[in-house]
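The values are calculated or read from the model by the stated rules, or taken from the named source; none is laboratory data. For clarity, every value in this text was computed on a predicted model and none was experimentally measured. Neighbour counts run over all protein chains shown; Cβ positions are idealised from the backbone, glycine included.
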Amino acid sequence: MITWPLPPDELNDELNGGLNPIAGPDVRRLKLTEHAKSRYDEGCGPVATTANRDANRELRDRFAEVHERYTRLRSDLDDLQRRLDAVRITVVSPDGLVRVTVGPRGELIDLRLIRRATRNMDNEYVSRTIVATVHIASEKAAERVQTLMADYLPADSGPLQYLRDHKFGSLLGRSDEIVQDLAGRDDR
């Protein structure tokens, strides 16, 4: 920490009008606030008086990217909801006996059986074929939803990961990282 031998008022004059020996072209001069002056009076030294413009520029660029995604998502939300609701996946079993259609959440919307073929078949076989065909259609519907959502969410986002793995931990992943990081700082 840099300590300044100047009282707060003179330090403000030095930072704002005089020469700051550590300030280079990428450093912005800041005025001490009343809080910073009181912290200085308490012997804590000056609070941050400079900012790195490159670091701030990177943060601003990242914020602009996130804000752009959010703005696009908000403006396209109704259209996205209509496109998600319209997802329909139809799959025919390999033997052609079963045809199923599922919606965006993998819910069964339609089931068709070839009556003449299934009439003389084992019920267990027909049941397994229906379940397997619905499962395949549900996986395809999930992939389609992921594709639609990928235009609006970062690839490593919790919600997109949840769509892939169906684990609630994916939704909490980033929050857990932050809590663990904060807990680690408290232990120091």
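Scan the range 89-100 for residues that are more than 12 Å from residue 134 (Cα to Cα) and surrounded by 14 or more Cβ atoms within 10 Å (Cβ to Cβ) and report the count.
First pass over the range 89-100, keeping only residues more than 12 Å from residue 134 (Cα to Cα): 94-97.
Still in the list and also surrounded by 14 or more Cβ atoms within 10 Å (Cβ to Cβ): 97.
Within the range 89-100, residues that are more than 12 Å from residue 134 (Cα to Cα) and surrounded by 14 or more Cβ atoms within 10 Å (Cβ to Cβ) number 1.
When the criteria are applied in full, residue 91 fails the requirement of being modelled with pLDDT under 95 and either part of a helix (DSSP H, G or I) or within 30 Å of residue 157 (Cβ to Cβ) (or both). Scanning the range 106-124 for residues that are surrounded by 12 or more Cβ atoms within 10 Å (Cβ to Cβ) and modelled with pLDDT of 90 or more yields 106, 108, 109, 111, 112, 113. The one condition from (1) farther than 29 Å from residue 165 by Cβ; (2) surrounded by 11 or more Cβ atoms within 10 Å (Cβ to Cβ); (3) at pLDDT 90 or above that residue 103 does not meet is (1). The set of residues in the range 145-160 being crowded, with 16+ Cβ neighbours inside 10 Å and out of contact with any Leu (no Cβ under 8 Å at 6 or more places or on another chain) consists of 157 alone. Scan the range 135-152 and give yes if some residue there is in a loop (DSSP other than H, G, I, E, B), closer than 28 Å to residue 173 by Cα and of a type in the set (Ser, Thr, Tyr), otherwise no. Yes, the range 135-152 contains at least one residue that is in a loop (DSSP other than H, G, I, E, B), closer than 28 Å to residue 173 by Cα and of a type in the set (Ser, Thr, Tyr).
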